[in-house]
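The values are calculated or read from the model by the stated rules, or taken from the named source; none is laboratory data. Computed from a predicted structure; not experimentally measured. Because the Cβ atoms are built from the backbone with ideal geometry, glycine has one as well, and the counts that use them run over all protein chains shown.
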């Protein structure tokens, strides 16, 4: 029986710029872009990631696969997107393999936009947001289930229920359970 060969970790620097503008109110943070997202060139580019079908369901809009349409959708709903990690050692797209993390610099987003709520797409994003960003940003992050295809425990309908706070915060400008750090 041949020995199992594991892929070595690669040091990857985040290839995408954050998406935001001055009127952004919500920030959705992933952990680090997957291989497919890095190839696609925009957030949540893996064809099996449920982020875009989830946004379409939450906001009751169709969203094309064109990057410019996806950018316009997020900006229209005053949603900024980025990731908690700027650089790390990672095997493929596995969050479980992440080591030697360099956090992203979220300061430009918070200095430019009036971010009122931070939503973390999955446990890894939440962990690194809390570790490196929550105190300095002054906003407690909200952990949401990951939209990654690796999170098979959640069906799209389950994600829609769990992510309702994003649509509510976008519609009302500020979520009911928004907590600022003291």
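Checking residue 45 against (1) touching a helix residue (DSSP H, G or I) at 6+ places or on another chain (Cβ under 7 Å); (2) in contact (Cβ under 8 Å) with a residue 40 or more places away in the chain; (3) buried (at least 19 other Cβ atoms within 10 Å of the Cβ), which test does it fail?
(2)
Of the residues that make up the stretch 7-15, is at least one without any contact (Cβ under 8 Å) to a residue 60 or more places away in the chain, touching a helix residue (DSSP H, G or I) at 6+ places or on another chain (Cβ under 6 Å) and more than 21 Å from residue 103 (Cβ to Cβ)? Write out each step before concluding.
Looking only at the stretch 7-15, we keep the residues that are without any contact (Cβ under 8 Å) to a residue 60 or more places away in the chain, and these are 15.
Those still in the list that are touching a helix residue (DSSP H, G or I) at 6+ places or on another chain (Cβ under 6 Å) too: 15.
Next cut, more than 21 Å from residue 103 (Cβ to Cβ) only: none.
Among the residues of the stretch 7-15, not one is without any contact (Cβ under 8 Å) to a residue 60 or more places away in the chain, touching a helix residue (DSSP H, G or I) at 6+ places or on another chain (Cβ under 6 Å) and more than 21 Å from residue 103 (Cβ to Cβ), which makes the answer no.
It is to be established whether one or more residues within the stretch 130-143 are out of contact with any strand residue (DSSP E or B) (no Cβ under 9 Å at 6 or more places or on another chain) and closer than 22 Å to residue 50 by Cα. Reasoning before the result, please.
Let us first name the residues in the stretch 130-143 that are out of contact with any strand residue (DSSP E or B) (no Cβ under 9 Å at 6 or more places or on another chain), namely 135-136.
Checking which are closer than 22 Å to residue 50 by Cα leaves us with none.
Checking the stretch 130-143: not a single residue is out of contact with any strand residue (DSSP E or B) (no Cβ under 9 Å at 6 or more places or on another chain) and closer than 22 Å to residue 50 by Cα.
Within the stretch 18-47, work out how many residues are closer than 16 Å to residue 143 by Cα and not in a loop (DSSP other than H, G, I, E, B). Explain how you work it out, then say what you get.
Looking only at the stretch 18-47, we keep the residues that are closer than 16 Å to residue 143 by Cα, and these are 26-32.
Pick out the ones that are also not in a loop (DSSP other than H, G, I, E, B) and you get 26-30.
The number of residues fulfilling the criteria is 5.
Could you check the stretch 35-49 and list, in sequence order, the residues that are under 11 Å from residue 147 (Cβ atoms) and under 12 Å from the mean Cα position of the chain (by Cα)? Spell out the reasoning first.
In the first step, residues of the stretch 35-49 are kept if they are under 11 Å from residue 147 (Cβ atoms); the result is 43-44, 46, 48-49.
Those that are under 11 Å from residue 147 (Cβ atoms) and under 12 Å from the mean Cα position of the chain (by Cα): 43, 44, 49.
Those residues that are part of a loop (DSSP other than H, G, I, E, B) and in contact (Cβ under 8 Å) with a residue 40 or more places away in the chain, I need them from the stretch 48-65; list them, please. Even if it seems obvious, please write down each step before you answer.
Taking the stretch 48-65 first, the residues part of a loop (DSSP other than H, G, I, E, B) are 48-50, 60-65.
Result: 48, 49, 50.
In this structure, is residue 4 in a loop (DSSP other than H, G, I, E, B), over 17 Å from residue 109 (Cβ atoms) and modelled with pLDDT under 90? Break it down stepwise before answering.
Working: in a loop (DSSP other than H, G, I, E, B): yes; over 17 Å from residue 109 (Cβ atoms): yes; modelled with pLDDT under 90: yes.
Spelling it out, residue 4 is indeed in a loop (DSSP other than H, G, I, E, B), over 17 Å from residue 109 (Cβ atoms) and modelled with pLDDT under 90.
Quick one: which of 72, 96 is closer than 20 Å to residue 126 by Cα, surrounded by fewer than 18 Cβ atoms within 10 Å (Cβ to Cβ) and out of contact with any strand residue (DSSP E or B) (no Cβ under 9 Å at 6 or more places or on another chain)? Show your work before the answer.
Working: 72 fails: closer than 20 Å to residue 126 by Cα.
Only one candidate passes the filter, namely 96.
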